[in-house]
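Worksheet: one structure, shown below.
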Amino acid sequence: MATSYKIILRKEKINGKGEHPLYLRITDNRKSSYKALGIYVAPLLWDDERQIVKRGYPNSARVNNLLTIELGKVQGKALEMATSNKEVSARRIKEAVNRKSSDSFIEYFVGYLDWLKRENKAGTYDKAWATLSKLKQYMPNRNLTFSDIDIDFLRAYERYLRDELGNSINTIHSNLKIFRKLFHQAYMDGTITAEQNSFLRYKLRTEKTNKDYITEDELARLEALEIPERYMMNHHRLMYIFACYSGGLRISDILQLRWRNFTGTHLVVNTHKTGEPVTIKLPKRALEIIDFYKPLTSEKTENFIFPCLNNEADYTDSRVLFRALSSGTAYANKNLKTLAQRAGIDKSISFHTSRHTFATRALRKGVRMEYVSKLMGHTTLKTTQIYAKIVNEELDKAMEVFD
């Protein structure tokens, strides 16, 4: 009798939400074995005939894809056993599929780092390397496998990151998101099973952060500061003001602006973060800042507009560029804190707040939301709507004077 396979809802088992677990039933010679898939579904959201979750189930397409992959793994293992002249039974198929992987999560992680290095993804490499270093610090001299990193391990590791290292919720999320990515990748390439993928059952947490920005009055105070022209603090001040007028360009883009990116009226750049091309018509104040730098740095079209990066350095190596941008950003942020104090701005500003400042200023001045979104390189309008909400809250607060 041919072996049969079916994904079923085990209604005799139930969790606190009234959901039942999905099992893959393997039947051979009238004997069945059941493989837990680690997924719980309410009866109304399970299509027993088609063996899929219905559209109302969260991430239904992804879950159904996982079910198809899991079914394929079992069928593939049975075929492998049959062609190798091994005894085939429902129990033996289940045992073969469930056999724990001996593959090391640490080695898999190192392989991911090697790939990032080959692809010249310097920024992602450094973040991933730091994440792996924390894990090795937590479990020194231990070659952790995928199976070691279960839900209990993840809970304990979260506590360690929070209590011992003082990491914020969002920093912890950033670290564990890399873990989740690698677990998903390992599942997709067949290194681990669905049961070993703890992230199918472990939810990562984030917390909302405030979009800090400076007001028109605070921007005017920053502009009014008198700093010696050639001081780096003055360059950082002008760069920040420039960003507030020029589409909220990120500091990684402003540091890399060359004279060839300036047409006389527009900036034409490929953004560092996304690689997307963007063209920005510069308003009068931004052009004034550009004019200030013409006698200082515009001898060659390949020179940087702002005198922060070295014109003679070779930045074709992404790791060299990443380090230069990182140190340049840190230096600018340090000076901005001093500038804010001198201007009487009672906020902890970083260069990124210039991006938020541009967005709120543009919306206040009546620029259409979709235009702001395009200028800032947002992939969805939803991101830009956050700034619209901030502006609306300001208007609500202004009306309180009538109370």
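To keep it simple, each residue is scored yes or no on (1) under 18 Å from ARG355 (Cβ atoms); (2) in contact with a Ser or Thr (Cβ under 9 Å, 6 or more places away or on another chain).
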| position | (1), (2) |
| --- | --- |
| GLY247 | yes, no |
| THR265 | no, no |
| LEU282 | yes, yes |
| SER318 | no, no |
| GLY328 | yes, yes |
| LYS334 | no, no |
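Is it the case that TYR245 is under 25 Å from SER348 (Cα atoms) and aromatic (Phe, Trp, Tyr)?
Spelling it out, TYR245 is indeed under 25 Å from SER348 (Cα atoms) and aromatic (Phe, Trp, Tyr).
For segment 211-251, name all the residues that are more than 29 Å from ASN310 (Cα to Cα) and either modelled with pLDDT under 90 or not in a helix (DSSP H, G or I) (or both).
LYS211, ASP212, TYR213, ILE214, THR215, GLU216, listed by residue number.
Considering (1) touching a residue at least 12 places away in the same chain (Cβ under 8 Å); (2) assigned by TED's automatic domain parsing to the domain that holds LEU296, say which one HIS173 fails and leave the rest.
(2)
Quick check, is ASP217 more than 27 Å from ALA359 (Cβ to Cβ) and over 22 Å from the mean Cα position of the chain (by Cα)?
no
Would segment 58-74 turn up any residue that is modelled with pLDDT under 85, over 38 Å from the mean Cα position of the chain (by Cα) and either over 20 Å from SER198 (Cβ atoms) or surrounded by 13 or more Cβ atoms within 10 Å (Cβ to Cβ) (or both)?
no
Looking at the structure I just gave you, is ILE52 among the β-branched types (Val, Ile, Thr) and at pLDDT 90 or above?
Yes, satisfied.
The values are calculated or read from the model by the stated rules, or taken from the named source; none is laboratory data. In this text the structure is predicted, and so the values were computed from the model without any measurement. Every residue, glycine among them, receives a Cβ derived from its backbone with ideal geometry; neighbour counts consider all protein chains shown.
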